[in-house]
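> Can you read through this structure? Questions will come right after.
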Amino acid sequence: MLTNKEQKLLSDIRGGNTHAYGVFVDQYKDLVYTLTLRMLGNREEAEEVSQDTFIKIFNSLDSFKGDSKISSWIYRIAYNTSLDRIKKNKKRRVEVDFDFVKAKAYADVDNAMEKMVQQEKSELINACMGKLSAEDAAIVTLFYFEEKNLVEMEKILNLSVNTLKVRLFRARKKLADIMQNSMLGEILESNG
Amino acid sequence: MDKKWEELVDKLMNEAPLEQPSIDFTKNLMQKIEAETAQPKFEYQPIMSRATLVSIGVSFLALVVFLISKFGFNSNEGWFAKLKFDAAFDNVWGGFELYTSSKVLVYSVLLFGLLFFAQVTRLKRYFDKTHF
């Protein structure tokens, strides 16, 4: 499951080479931070949880057997650490229910998206993610991180593929609706 | 129309830029990890284990009890009565009984001691300054 390069890096880290761990962190920090940020919806907290995640990874590196992708193992730790933090905070994220399905002009949204610069895209996604539950935000994020590989997601999230499919469909649909609403709002605003 | 929303989400999510943590992220993390691993892992270890100490204690007590039961408390009886230390001490101290020293020697020894301790503090200050 591991590439030679990964194996070399891991054995270096296990051998007590802290510099090698720095390289490892640099490789995965953006992915971990993105996942935690989308789950927690707060940059400071996401940074703290990401740090905790990497400390946990460092301490439990010996228990990683290499039977799954290393990224999956990292995501699982990041996901669980984020959930723990949410539980600790007992902060409920505001969820928006979209059980109504309207015929919407998705084409308009598509055009508007082209014009957005990266920064705006990122802000929009974070804002929309903030309206999903933390678990749904994680499911959607990991779906794209893992390039739609449900088997890897099963390992990360400890959910069966069937459950995943259902939750994924709902979460993506909800996200589409949230995006639709927020972007149409922006278009209307900018058109006066 | 049904697939349109899926395409939209796919497109946006696939193009979504990764978020970046603060610039110091790795540095801060490594500092935390180093602080954690560098903590002295000193554990107090007794020179002798509890079992050894207990067995030594028990055997010493057993020896005392054995000696008392064998020879009793009275030092004028049995084996103790045969011990004579007087001769050994007489030889050692006997030579000093007639010893006298001049006042000059006494004062010189005292002065040497005084200066020696005065120098100790001076030397200590000197080494503190130069070596640390």
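> Roughly how much accessible area, to the nearest 100 Å², goes out of reach of solvent when B and A pair up, both sides summed, probe 1.4 Å? List each step's numbers first, then the result.
Numbers: alone 13940 and 11400 Å², together 21770 Å².
It comes to approximately 3600 Å² buried between B and A.
> Another question, if that's okay. Using 0.36 nm times the number of residues separating residue A:14 and residue A:44, minus their current alpha carbon distance, what extension gain do you get? Intermediate results must be reported in sequence, preceding the final value.
Values: separation 30, 0.36 × 30 = 10.80 nm, distance 2.96 nm.
Extra length available between residue A:14 and residue A:44 comes to 7.8 nm.
> Express the carbon and sulfur contribution to the solvent-accessible surface of the range A:4-89 as a percent, rounded to the nearest whole number, probe 1.4 angstrom. Write out the running numbers ahead of the final one.
Details: 1830 of 3860 Å².
Within the range A:4-89, the accessible surface is 47 percent carbon and sulfur.
> Right, here's the next one. Distance cut-off 26 Å, Cα to Cα: go down the list A:56/A:131; A:165/B:3; A:29/A:173 and report the pairs above it.
On the way: A:56/A:131 28 Å; A:165/B:3 16 Å; A:29/A:173 28 Å.
With Cα atoms farther than 26 Å apart: A:56/A:131; A:29/A:173.
> Which one of B:74, B:53, B:107 has its Cα pushed farthest toward the positive end of the charge dipole of chain B, where Lys and Arg give +1 and Asp and Glu give -1 at the Cβ?
Toward the positive end, the furthest listed residue is B:107.
> Once you average over the residues of A:25-33, how many Cβ atoms of partner chains fall within 10 Å of each Cβ? Don't skip to the end; give the middle numbers.
On the way: counts 7, 2, 0, 0, 8, 6, 2, 4, 6.
Other-chain Cβ atoms within 10 Å of each residue's Cβ, averaged: 4.
> Right, next: Per-residue counts of other Cβ atoms within 10 Å, averaged by peptide: what ranking do you get for B:96-102, A:52-58, B:51-57, highest first? Could you put the intermediate results ahead of the total?
Numbers: B:96-102: 6.7, A:52-58: 20.1, B:51-57: 10.7.
For the peptides B:96-102, A:52-58, B:51-57, the packing ranking is A:52-58, B:51-57, B:96-102.
> If I model a spin label at residue A:4 and residue B:24 as a point 7 Å from the Cα along the Cα→Cβ vector, what separation in nanometres do I get?
That separation, rounded to one decimal, is 4.0 nm.
> Here's another thing I want to ask about it. Can you compute the FRET efficiency between residue B:15 and residue A:151 using 1/(1 + (r/R0)^6), with r the Cβ-Cβ distance and R0 = 22 Å? Round to the nearest 0.05. Please report the intermediate quantities before stating the final value.
Numbers: r = 25 Å, r/R0 = 1.12.
E(calc), rounded to 0.05, equals 0.35.
> Can you give the average number of partner chain beta-carbon atoms within 10 Å of each beta-carbon in peptide A:49-56, as a whole number?
Numbers: counts 0, 5, 7, 2, 1, 6, 4, 0.
Taking the mean over all residues of the peptide, I get 3.
> Could you give the length gained by full extension between residue B:93 and residue B:127, i.e. 0.36 nm per residue of separation minus their alpha carbon distance, to one decimal place? It would help to have the intermediate numbers written out before the result.
Details: separation 34, 0.36 × 34 = 12.24 nm, distance 4.23 nm.
Result for the pair: 8.0 nm of gain on full extension.
> Something else about it: Give me the distance in nm between label points sitting 7 Å out from Cα along the Cα-to-Cβ direction at residue A:158 and residue A:144, one decimal.
So the two model labels end up 2.7 nm from each other.
> Here is a follow-up. If I require 15 Å or longer along the helix axis, counting alpha carbons, and a Kyte-Doolittle average no lower than 1.0, what helices from chain B are left? Use full DSSP H segments.
Working: long enough: B:4-15 (17 Å, -1.04); B:25-38 (19 Å, -0.47); B:50-71 (31 Å, 1.87); B:103-131 (41 Å, 0.57).
Span-like helices here: B:50-71.
> Straight-line reach from residue B:82: which lysines fall under 18 Å, measuring Cα to Cα and dropping same-chain residues less than 8 apart?
B:70
> Now for a different question. Taking the Cα-to-Cβ direction at residue B:4 and at residue B:84 and moving 7 Å from each Cα, how far apart do the two end points lie in nm?
12.6
> Quick check on the range A:4-89: what are the equivalent-ellipsoid semi-axes from the Cα gyration tensor, as sqrt(5λ), descending, whole Å? Mind dumping the intermediate values first?
Numbers: eigenvalues 111, 31, 24 Å².
In descending order the semi-axes read 24, 13, 11 Å.
> For B:23-34, what's the mean count of beta carbons from other chains sitting within 10 Å of each residue's beta carbon?
Values: counts 0, 1, 10, 9, 2, 2, 12, 7, 0, 5, 9, 2.
If you average over the peptide's residues, the count of other-chain Cβ atoms is 5.
> Between residue B:45 and residue B:109, what length comes free when the chain is fully extended (0.36 nm per residue of separation minus the Cα-Cα distance, one decimal in nm)? Walk me through the numbers on the way to the answer.
Values: separation 64, 0.36 × 64 = 23.04 nm, distance 4.50 nm.
Fully extending the segment from residue B:45 to residue B:109 adds 18.5 nm.
> Just the number, please: Stokes-Einstein D of chain B in µm²/s, Kirkwood Rh from C-alpha pairs, 20 °C, 1.002 mPa s. Kindly include the intermediate steps, with their values, before the conclusion.
Working: Rh = 27.1 Å.
My calculation gives 79 µm²/s for D.
The values are calculated or read from the model by the stated rules, or taken from the named source; none is laboratory data. Quick caveat: nothing in here was measured; it's all calculated off a predicted structure. Note: ideal-geometry Cβ built from the backbone for every residue, glycine included; neighbour counts use all protein chains shown. When the accessible area is computed, the model is the full protein with side chains, heavy atoms only, and any ligands, DNA or RNA have been set aside. Shrake-Rupley method; radii C 1.70, N 1.55, O 1.52, S 1.80 Å.
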